[in-house]
Amino acid sequence: MPEVKRKGPSALLLCMMGIVACNVRFVQLTGAADPLWLAPLYVVTLAAPFLLRFRESMVYRGVWNLAIVLFFLRLALHASTSELAFVLDDGLMLAILCQVHVLNNLRKEQRPDLLFLNSYLIAVITGYITVDLSFALTFAVYAPLFIVGLHLQHLEQFDPGHGVSALRSTVLRSTVLRALRRESLRRSAVLAGATLLAFFFFPRDFNRPALFSSYFDLDGDGSSYEVGFAQSLDFGGINREAAQSDRVVMRLEVLEGDPRSLPRFWRGATLSEPRRSGGWEARSEDLPASSLVRDPAWVSRWQGLRLARATDPKAWVRPGGEGRSRVHVTRAGGVEQRLFLPREAFAVELDPIHTEGELIVSSDGTAAYSNQGELRYEVQLGLEPREPAPRGLRPLEVEPFIQQPRSLFNQSARTLARELSRRMPDGASALQVTREFAAYLATRYSYRAPGAEGAARTLDEFLGTEAGGHCELFASTLATMLRSRNIPARVVSGYTLTPPPADERVLLIRSRHAHAWVEVFSGEEGGWFAVDPTPQLEGGGEDDGWMGGALAMLEERWAAVTRFDAGSRARFWQALRAFPRELIGRAESELGPLAGTAAAIGLLVLLVLRVKRRRLSPPATVEALNREFERLGVQLQPQETPREGFRRAGVGDVDPDQLAALRRAVEEHVRDRYASAGASGRVG
Amino acid sequence: MRPTHFGVKSLLFLTAIIGAFYAAPYVNLFFLLLAFFGLHWVLCIWWTYANLRGVEVHIEDPGPLQAGAAARAGWSVLGERRRFGLILNVEFDSGAVGSGRLAFTGGDARAVIQFPALDRGVYRARKVTVSSTYPFGLLTRTVSLAVSPELHVYPEPTAATPGRLAHDVAAADATSNLYGAQGRTMPAGLRPRIEGEALRHVHWRASARRGSLVVNEWESDRAEEQAFLLDRRCAGSVFEQRLSSAAGAVTEAKHRGSAVRLVSQGLDQTYTGSGVHWDEALRFLAGAAPLPEGEAAPLHLDDPSSGVRVA
């Protein structure tokens, strides 16, 4: 039997290269290291088949070890100078460097145990930091590589170097590898299925706190944060990096009406209370947990707008509304309990699947649902509510919205407001002042995404320097300026959407579409109206083509996984139980009662027959073998093996092409039947 | 079933991430990762078990083995079910262990089991096990098999010295007969010369034709076969030397394809390729035990009916 002369890297090495490359990708997704740092690691990972030939060289190993030591020293130095702020980032870099080191220095007699376990450790740690779809997709590649790699590692001990001749035939080796690959991929699928089953059905507390949370603050503030909806603003020091996330937070489906006429601002919370640190937070009256907002009526006391309670406790309707369009909203689950509604909403109805929670409407017209998790509701949209001008503003009601922030940061805003007011005619209305201020901000200050290089960190820096800022800074500045002129104003936090094309009835709102704007009260305008002083907004509802649509769908599904909770599980159960009924119901409605049932039974019978036929029918290789024998006019005798039949067929005047085809068929059959091609490895 | 070294490390790792999972607030993704790793352990138990479920092994008879030399025997797994990564261990009463590996089974896959160098004797397998760590290398499952192969290890052969035998000498070798020295054999053909054979036996003309040395091969009748008298009334190294000489005579006869008659206490048997095989003689020598001095001689050497001629 000929010795195997290996050409190129072994299957195990290829597998390990894939695992390490996935690890580098995991680290890249966390943003722990600059891609410039990671690029050499990618290169060295892919160059492993070439570099491994030097692994016995002292110089080569010395260089690697020196690199590790130097990086460790850098980590220690960095930790000592930055007070451990970047220890996680550096630790991840060190871990991934060690992975690449192990890959490129693995000796023949060494087992890559460490590489496998370390790779999973990196997956776990990075999975705790980043939860977006990119992680899921990378893990979907990593997991089969991990399982296949374990199989191949196992096989490695049976290599020719260990005195076993079973794999010394090239054909045999490739056959074993093929069988092993098939087995390991099948096991990967089984494992993935079992994991999903455990995920859906394993009983656990979705709101479990950390084990020692009462002793330690394990949440921390992190070194970066994700741009998204905020229930409060804080400018005490924006020194963290911000990540623009494409996570889908809402899916809007326009059931009725023109999608292009959908309102732009979808409110989540109003922030009327200035913070000492320079930020904003919701008034206690506007918080969902307060007793006031549990008032079942949808009431805006300030506007005098009063809504009647609907008979259905899961639906609130504003009387007298005129519906222009209907939108079904699916809000991803998570820590947010808020419903996102435009001011034009006059009726909200939760889907019937929500049976456990309670819809709470706040006095500012925002709403929340008592349970976290995915939420589905239908919104009817009409004209923006307008009330006749109040006869007179009561001081006690105005006071909360003209209260001046006591922060030092806001001095510049007040000064700016005073200077701009001097240019305006005396007696300018609140609307005029607002438009003037907003236009000034939008034209004189540039937009910089959160965390972008050069972006302002404080309100003072935003107003006093050329550094641009993001929507929260614009909105805070305008609200402060307006309040300094005794115009009631509040900051609103929520999401914006860009009107889609007319034929696009499904819109996705992502985390990065979070926005802050200002609502101003004006008697002339009949109440509160929205003003957006931010000059540039991130795009929304962009058309990304079919690829973008597919990614968005995946993101949506992934968000359903990461935000899975008890409510989601209850809905899942409900949907599972209802599925057969729904299927039959749909068939009946489409085909008629009898035809529907008959179709269902017919489908079942077909399925059973198909499974049965698959069990009874011979494998494809046997069919191919019979076909080739028939073509040569040879009939296999009882007890005669295909090999013997092949030899018999080769006697006499036979078309060489047909004979070659028969030989291939016999070899395929032997491989399929016995997972080997026999001792000689070939039929001849 | 027990964890391997890698399995122990992996278990420690699993314990650590379970600890981390509970030390941190609940996160769905962490649960998914933990479930994947935990289930890969759970399923590994089943898959490792299933890989050896109902396994049956056939160990080929290696025949008599020579003492002091490593030996091999073929083995295969019965049935056509695919199994991966099997290790066969054969443990003998003496503590010696033979082992063999089979990367996969199914069809005609076959591997060899290697035995260490053993002393003369008959070794009965105390325990035959087949084990596997497939598929993940985390757990080892070992299955005891109901087969008990026997190894017959005959003594290391030494060449017998013709014409040096006496009445009280254990071995009576008639190797001189091989070359027709007694004038009662007929040439049967030519064969390649064996290292050590006297040059006078070389057939020079045929050797010149073939380009390599060949010698005449003689066909002897029953009365002139080689015979070896083994008197076992001794002990220790003398006994072992006699056995070695007897083994030398048998292996040489086997090598030449000629008959050999072995005479000892309770034994008088001619071994050939067609009748009782030479391996039986070697098996006898593997298990031969010394006898006390008071025992009878194996044969009356002066009995003309014995057919044994002592040179």
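The values are calculated or read from the model by the stated rules, or taken from the named source; none is laboratory data. Just so it is clear, the structure is predicted and the values come from calculations on it, not from any experiment. Glycine also receives a Cβ, built like all others from the backbone with ideal geometry; neighbour counts cover every protein chain displayed.
Things worth noting here:
- Here B:L12 meets each of (1) under 30 Å from A:T175 (Cβ atoms); (2) without any contact (Cβ under 8 Å) to a residue 24 or more places away in the chain with one exception, condition (1).
- Against the criterion of being under 21 Å from A:P203 (Cα atoms), within 8 Å of chain A (Cβ to nearest Cβ) and in contact (Cβ under 8 Å) with a residue 12 or more places away in the chain, B:L33 qualifies.
- Number of positions in the stretch B:36-47 that are more than 7 Å from chain A (Cβ to nearest Cβ) and without any contact (Cβ under 8 Å) to a residue 12 or more places away in the chain: 2
- Listing of strands (runs of 3 or more DSSP E) fully contained in the stretch A:431-525 that carry 1 or more residues being touching a His at 6+ places or on another chain (Cβ under 8 Å) and either surrounded by fewer than 21 Cβ atoms within 10 Å (Cβ to Cβ) or in the same structural domain as A:Q404 (by TED's automatic domain parsing) (or both): A:489-496
- Being touching a residue at least 24 places away in the same chain (Cβ under 8 Å), under 30 Å from A:N118 (Cβ atoms) and within 7 Å of chain A (Cβ to nearest Cβ) is a property that B:G85 has.
- In the stretch B:11-25, residue nearest to B:L86 (Cα to Cα) [restricted to those that are buried (at least 17 other Cβ atoms within 10 Å of the Cβ) and either within 7 Å of chain A (Cβ to nearest Cβ) or touching a Pro at 6+ places or on another chain (Cβ under 8 Å) (or both)]: B:F13
- Per-region count, the stretch A:19-36, residues crowded, with 16+ Cβ neighbours inside 10 Å and more than 15 Å from A:T138 (Cβ to Cβ): 1
- Screening B:R101 with (1) more than 10 Å from chain A (Cβ to nearest Cβ); (2) in contact with a His (Cβ under 9 Å, 6 or more places away or on another chain) gives one miss only, at (1).
- Filtered by the rule that a residue be assigned to a helix (DSSP H, G or I), farther than 30 Å from A:A560 by Cβ and among the hydroxyl-bearing types (S, T, Y), the stretch B:2-29 gives B:S10, B:T15.
- Check on B:G107, buried (at least 17 other Cβ atoms within 10 Å of the Cβ) and modelled with pLDDT of 80 or more: no
- Test for A:S57: is it at pLDDT below 85 and small (G, A, S): no
- Selection from the stretch B:76-96 of residues that are closer than 16 Å to B:V143 by Cα and either surrounded by fewer than 19 Cβ atoms within 10 Å (Cβ to Cβ) or over 13 Å from the mean Cα position of the chain (by Cα) (or both): B:S76, B:V77, B:L78, B:R83, B:F84, B:G85, B:L86, B:I87, B:L88, B:N89, B:E91
- Some residue of the stretch A:651-660 being surrounded by 14 or more Cβ atoms within 10 Å (Cβ to Cβ), outside the structural domain of A:R182 (by TED's automatic domain parsing) and at pLDDT below 80: yes
- Selected residue (criterion: farthest from A:A516 (Cα to Cα)) from residues of the stretch A:460-502 that are more than 35 Å from the chain's Cα centre (by Cα) and β-branched (V, I, T): A:T465
- Residue match in the stretch B:53-72 (condition: out of contact with any helix residue (DSSP H, G or I) (no Cβ under 8 Å at 6 or more places or on another chain), part of a loop (DSSP other than H, G, I, E, B), surrounded by fewer than 16 Cβ atoms within 10 Å (Cβ to Cβ) and facing chain A (nearest Cβ under 9 Å)): no
- A:P144 meets all of the listed conditions (1) within 12 Å of chain B (Cβ to nearest Cβ); (2) crowded, with 22+ Cβ neighbours inside 10 Å; (3) assigned to a helix (DSSP H, G or I); (4) not aromatic (F, W, Y) but one, namely (2).
- Only one entry in A:S446, A:S407, A:S412 is modelled with pLDDT under 75 and under 22 Å from A:G279 (Cβ atoms), namely A:S407.
- Filter result for A:V100 (under 22 Å from A:T130 (Cα atoms) and in a helix (DSSP H, G or I)): yes
- Meets criteria (within 14 Å of chain A (Cβ to nearest Cβ) and in contact (Cβ under 8 Å) with a residue 60 or more places away in the chain) for B:N28: no
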